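Down below is the structure, laid out as C-alpha cells.
The values are calculated or read from the model by the stated rules, or taken from the named source; none is laboratory data. Everything numeric here is computed off the predicted structure, so don't read it as measured data. Glycine gets a Cβ as well: all are built from the backbone with ideal geometry, and neighbour counts include every protein chain shown.
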Amino acid sequence: MERVWTETFILWSETSEYREKVREAKGIINKALRQYTNPYVSYSGGKDSLCLLHLVLQEQNDVDIWHWDYGDTLMPRSIEKEILKNAREIGAKNIIIKKRGDNKHAREDYKFGYRHFFISLIQLKKEKGWDLGFIGIRKEESLRRERQYSHFFDKQSCYPILNFTWKDVWAYIVSNGISYPSIYDKYSKIYGWDKVRLVTFFDPEFDKFGSSNVDGVLMPEFRFEPLTRYQTD
C-alpha cells in the first residue's frame, strides 16, 4: 500500500466516527456469542471477511472458520496460500476448507460452483452443528445490498460490519497491522482503494463488469495456466 494511503487510513482510524463503528461491531459480535452457542465465521480472504475474522477472533479465539477455495481454475494457488497464511497470522486455528470442483468447463459453468458451495455449507452446518454464521456483508457495497440487508441479524446469519464503509475496513486492517492479499496492491492502481475487490480471475460471471479485461492486463500468466492439465494429445 502506498504511504499516502497508509497514512490516510491511520488518520481515519483515529476519528470518532470510525471508533463508533468498531464499538458497534464488537457489541454485535458479543451479543451473538451470548445468544448462540456454536457460530462460525465465513472467510473468503478478501478485505471485508479479513476485517470481520479479526474482530471475531478478539472475542472468541477458537471459533470455527469456514473457507471456500474457488479452485485452481479461478483462483491462483499463490493467492490461495496467502489467504490462508493471513488468517493464521491473526490467530485462526479451526479453518475448515472445502474446494470447488475443477473441470475443463469450470470457468464457463459458474452455476455449478454456486451449487457446490451451498451444498457443502449445508452439509457442514449439519455436521458441525453451527447455529450462526458471521458474514462480512456491508450495505455500502451496492444499492441492492443496502435494500436487502437492514438488520445485523437475519435467521442464522449475523453481519457485524454491516455499517462499515470501505474506509472503515481499510482503517481497521492498517491500524491493526493485518496482512492482506497482495493482489489488492496491484488492482488498486486500476480500481482505486475504494472499489478494489478480491474476486475470482477470468471468471465469465464478471465479464459484464470488464473484470476479465483487467485480469488480462494484470494477470496474463493465469489465463491459460490452469487449463493446460485438461489438454489431450
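Name, by its number, the condition in (1) at pLDDT 90 or above; (2) surrounded by fewer than 16 Cβ atoms within 10 Å (Cβ to Cβ); (3) not in a loop (DSSP other than H, G, I, E, B) that does not hold for Lys195.
Among (1) at pLDDT 90 or above; (2) surrounded by fewer than 16 Cβ atoms within 10 Å (Cβ to Cβ); (3) not in a loop (DSSP other than H, G, I, E, B), the lone unmet condition for Lys195 is (3).
Tyr187 passes all but one of (1) surrounded by fewer than 20 Cβ atoms within 10 Å (Cβ to Cβ); (2) over 14 Å from the mean Cα position of the chain (by Cα); which number fails?
(1) is the only condition that Tyr187 fails.
Output yes when any residue across segment 72-91 is modelled with pLDDT of 95 or more, assigned to a strand (DSSP E or B) and buried (at least 17 other Cβ atoms within 10 Å of the Cβ), and no when none is.
No: zero hits.
Give Ile29, Ile10 a once-over and let me know the one that is part of a helix (DSSP H, G or I), touching a strand residue (DSSP E or B) at 6+ places or on another chain (Cβ under 8 Å) and in contact (Cβ under 8 Å) with a residue 40 or more places away in the chain. Can you show your working first?
On the way: Ile10 fails: touching a strand residue (DSSP E or B) at 6+ places or on another chain (Cβ under 8 Å).
Sole residue among the options that is part of a helix (DSSP H, G or I), touching a strand residue (DSSP E or B) at 6+ places or on another chain (Cβ under 8 Å) and in contact (Cβ under 8 Å) with a residue 40 or more places away in the chain: Ile29.
To keep it simple, each residue is scored yes or no on (1) in a helix (DSSP H, G or I); (2) touching an Asp or Glu at 6+ places or on another chain (Cβ under 9 Å); (3) at pLDDT below 95.
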| position | (1), (2), (3) |
| --- | --- |
| Pro160 | no, yes, no |
| Asn163 | no, yes, no |
| Val169 | yes, yes, no |
| Tyr172 | yes, no, no |
| Gly177 | no, no, no |
| Val199 | no, yes, yes |
| Asp207 | yes, no, yes |
| Gly216 | yes, no, yes |
| Pro226 | yes, yes, yes |
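Which count do you get for residues in segment 18-41 that are closer than 30 Å to Gly101 by Cβ and buried (at least 20 other Cβ atoms within 10 Å of the Cβ)?
Filtering segment 18-41 down to residues closer than 30 Å to Gly101 by Cβ leaves 38-41.
Narrowing further to those that are buried (at least 20 other Cβ atoms within 10 Å of the Cβ): 39-41.
The number of residues fulfilling the criteria is 3.
Only residues in segment 41-63 that are among the β-branched types (Val, Ile, Thr) count as the first member; pair them with residues that are part of a helix (DSSP H, G or I), Cβ under 7 angstrom, at least 6 apart or cross-chain, and list the lot.
Val41/Leu52; Val41/Leu53; Val41/Val56; Val56/Ile29; Val63/Val56; Val63/Leu57
How many residues does segment 119-146 contain that are surrounded by fewer than 12 Cβ atoms within 10 Å (Cβ to Cβ), over 30 Å from Trp193 (Cα atoms) and without any contact (Cβ under 8 Å) to a residue 60 or more places away in the chain?
Of all residues in segment 119-146, those surrounded by fewer than 12 Cβ atoms within 10 Å (Cβ to Cβ) come to 119, 122-123, 126-127, 129, 142-144.
Retained after the next criterion (residues that are over 30 Å from Trp193 (Cα atoms)): 119, 122-123, 126-127, 129.
Imposing the further condition that a residue be without any contact (Cβ under 8 Å) to a residue 60 or more places away in the chain reduces the set to 119, 122-123, 126-127.
Here the count works out to 5.
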